[in-house]
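Everything below concerns the one structure shown next.
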Amino acid sequence: KAGVTQTPRYLIKTRGQQVTLSCSPISGHRSVSWYQQTPGQGLQFLFEYFSETQRNKGNFPGRFSGRQFSNSRSEMNVSTLELGDSALYLCASSPGQGNNQPQHFGDGTRLSIL
Amino acid sequence: GQQVMQIPQYQHVQEGEDFTTYCNSSTTLSNIQWYKQRPGGHPVFLIQLVKSGEVKKQKRLTFQFGEAKKNSSLHITATQTTDVGTYFCAGRWSGGSNYKLTFGKGTLLTVNP
């Protein structure tokens, strides 16, 4: 079974631009979560989607948004990029929603802001 | 919001020595998960603990959940170079948005062969 696929793997943008990252979950998984990983702050939860609905949201500004499609694929968008948005963005999928689900992570998209 | 505090931040050991990382929450957790992230890789799920006082073993790894469900530990016996990586705990609390998985800052383990 294929794992979680994230595209692109690397991205370079400049301040003020916007970016869209994509995540394809493991086949059959319906829950997708997004995390930001930086050396200083560690792994921080962005949001979780299940059945095309945002179920949970972390403490990030409104510039960070996401959505989930009917095939469970998910995208996250960051608008008006800032230098501090440089990070590894990780997507994780799990079979369903609930508090006993292990997260299966993709390799991430490394975003660099110049 | 809820947080899990994880210590130590770094640990360097000689191969064959033991290693322990600790996680603590100020309030009772619903459950706690442990992940390992190799350098340049992504977090990989190791185990989940749900019950008070639970102890689980995976070969040389022993995971414990405290009686009050506020703390947890991961102990590795006789470390090997393959154990190198960052170990994260991730907790969930009951109720609404608390179900989101909150990660500790991680413990970076390096092993000297």
From the P(r) of the range B:4-112, can you give the percent of Cα pairs sitting at distances over 22 Å? 26 percent
How many angstrom lie between the C-alpha centres of the range A:40-67 and the range A:74-101? 6 Å
Taking the square root of 5 times each eigenvalue of the Cα gyration tensor, what semi-axes in Å does the equivalent ellipsoid of the protein assembly as shown have, largest first? 29, 21, 16
Nearest-5 percent of antiparallel DSSP beta bridges in the protein assembly as shown? 90 percent
Using only protein heavy atoms and a 1.4 Å probe, how much accessible area in total is buried between B and A, to the nearest 100 Å²? 1600 Å²
Only sites in a loop by DSSP and with at most 15 other Cβ atoms within 10 Å count here; which chymotrypsin sites (Phe, Trp or Tyr not before Pro) in the range A:48-114 make the cut? A:PHE69
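Roughly how many debye, to the nearest 20, is the charge dipole of the protein assembly as shown about its Cα centre, given +1 on each Lys and Arg Cβ, -1 on each Asp and Glu Cβ, and no other charges?
It works out to roughly 420 debye.
So which chymotrypsin sites (Phe, Trp or Tyr not before Pro) in the range B:1-106 end up in coil per DSSP with only 10 or fewer other C-beta atoms within 10 Å? Each step should come with its number before you reach the end.
Working: sites: B:TYR10, B:PHE19, B:TYR22, B:TRP34, B:TYR35, B:PHE45, B:PHE63, B:PHE65, B:TYR87, B:PHE88, B:TRP93, B:TYR99, B:PHE103; in loops: B:TRP93.
In loop regions of the range B:1-106 (DSSP not H, G, I, E or B), there are no sparsely surrounded chymotrypsin sites (Phe, Trp or Tyr not before Pro).
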Using only the alpha carbons of chain A, determine the length spanned along each of the three principal axes and report them from longest to shortest in whole angstroms. 37, 27, 27
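What trypsin sites (Lys or Arg not before Pro) in the range B:13-113 are in a loop by DSSP, with at most 16 other Cβ atoms within 10 Å of the Cβ? Mind showing how you got there, number by number?
Working: sites: B:LYS36, B:LYS51, B:LYS56, B:LYS57, B:LYS59, B:ARG60, B:LYS69, B:LYS70, B:ARG92, B:LYS100, B:LYS105; in loops: B:LYS51, B:LYS59, B:ARG60, B:LYS69, B:LYS70, B:LYS100, B:LYS105.
Sparse-neighbourhood loop trypsin sites (Lys or Arg not before Pro): B:LYS51, B:LYS59, B:ARG60.
The values are calculated or read from the model by the stated rules, or taken from the named source; none is laboratory data. Source: prediction; values computed, not measured. Reconstructed Cβ throughout: ideal geometry from the backbone, glycine too, with neighbour counts over all protein chains shown. All accessible areas refer to the heavy atoms of the entire protein, side chains included, with ligands and DNA or RNA removed. Shrake-Rupley method; radii C 1.70, N 1.55, O 1.52, S 1.80 Å.
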